[in-house]
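The values are calculated or read from the model by the stated rules, or taken from the named source; none is laboratory data. Here the structure is a predicted model, which means the values were calculated and not measured. Virtual Cβ from ideal backbone geometry, glycine too; neighbours counted across all protein chains shown. Protein only, heavy atoms only, side chains kept; ligands, DNA and RNA dropped before computing areas. Shrake-Rupley method; radii C 1.70, N 1.55, O 1.52, S 1.80 Å.
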Amino acid sequence: MILGKAISPFALRKISGGGGGGGTDPDAQAFITATGISGTDATATNQLVLDLKSANIWTKMKCIYPFVGNTASSQKYNLKDARDLDAAFRLTFFGGGTFSSNGYQPNGTNAYANTFLTPSTTLTLNSQHISYYSRTNSNGTEVEMGCNNNGNSPNTLLEIRTAGTTYVSLAANGYTTYVDANSLGFYMGNRTASNVVKLFKNNTAVATSAVGSSSNPFYSIGIGALNSGTTRQFYSTKQCAFASIGDGLSDAEALALYNAVQLFNTTLGRQV
């Protein structure tokens, strides 16, 4: 199902009121101050916040990871709450990942980030999403973000193109799947009811299922690997240029999120 055409960066700026002055959004400024970013990184981040607020998506977000700056210390912060605290879902990185102007690159061996967000205590069972902007085309057994309970269901995860298939599971024992030609672009798993799950790739809902919710996992969501509590599994190699966790989104909100994220990454010259 095509949600609609992607809006051009110029048109999106006109709609959101960006590009015409008016100062920096306070939430964006808190993030800019915490990360120490400047220049295009700062202006693109400010525009992202403005666009998410204009689309009424901001309040539905628990975590927004823009991965700006070139260091772990700048890329660890949650745009939604820019405090350097576990309770603010600030990332802690482990292993041999690399950080650049293109985002966070896990290494497929031991690199991952802990979000400190536990679905069982933070996410609503039948209204939740996770998203990941992948800049790498690979086809291995890799989980880009997620968690389960000591290797057992329920799962909350996004597994982009393992043996040609992309999987999403949200507070469930089963999966919604999509036969995927490549692993480039913006992916979002989205649950809006106990029996409604959609997988989005860019501005398209590529799969819909009635996989039922069971319960939320009680370990925190990892980025770059699956957090199974006592172990990490299925390390990813896919460079991440944006990730988010939050409430379930309508189709129109999913399109607005894609447009905002694509504009953000286009401004930074790292879009795919």
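Summary of values
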{"item": "For the chain: accessible area per residue (Å², 1.4 Å)", "result": "36"}
{"item": "Net charge of neighbours whose Cβ lies under 11 Å from the Cβ of Asn114, counting Lys and Arg as +1 and Asp and Glu as -1", "result": "+2"}
{"item": "Where labels lie 7 Å past Cα in the beta-carbon direction, separation of Asn182 and Asp251 in nm", "result": "2.6"}
{"item": "DSSP-defined beta bridges in the chain - what % are antiparallel, rounded to 5", "result": "95"}
{"item": "Share of carbon and sulfur in the accessible heavy-atom surface of the chain [1.4 Å probe, %]", "result": "51"}
{"item": "Local electrostatic count at Ser134 - Lys and Arg +1, Asp and Glu -1, tallied over other residues with Cβ under 13 Å", "result": "+1"}
{"item": "Modelled FRET efficiency - R0 25 Å, Asn139 with Thr208, Cβ distances, 0.05 increments", "result": "0.60"}
{"item": "Gyration tensor verdict on segment 127-272 (Cα atoms; rounded if a/c is under 1.5, prolate if a/b is larger than b/c, oblate otherwise)", "result": "oblate"}
{"item": "Contour minus Cα-Cα distance for Asn70 and Thr165 (0.36 nm per residue)", "result": "31.1 nm"}
{"item": "All aspartates and glutamates inside 12 Å of Lys53 as judged from Cα atoms, apart from same-chain residues fewer than 8 positions distant", "result": "Asp25, Asp27, Glu253"}
{"item": "Neighbourhood charge, 15 Å Cβ-Cβ cut-off, centred on Thr98 and excluding it, Lys, Arg +1 and Asp, Glu -1", "result": "+4"}
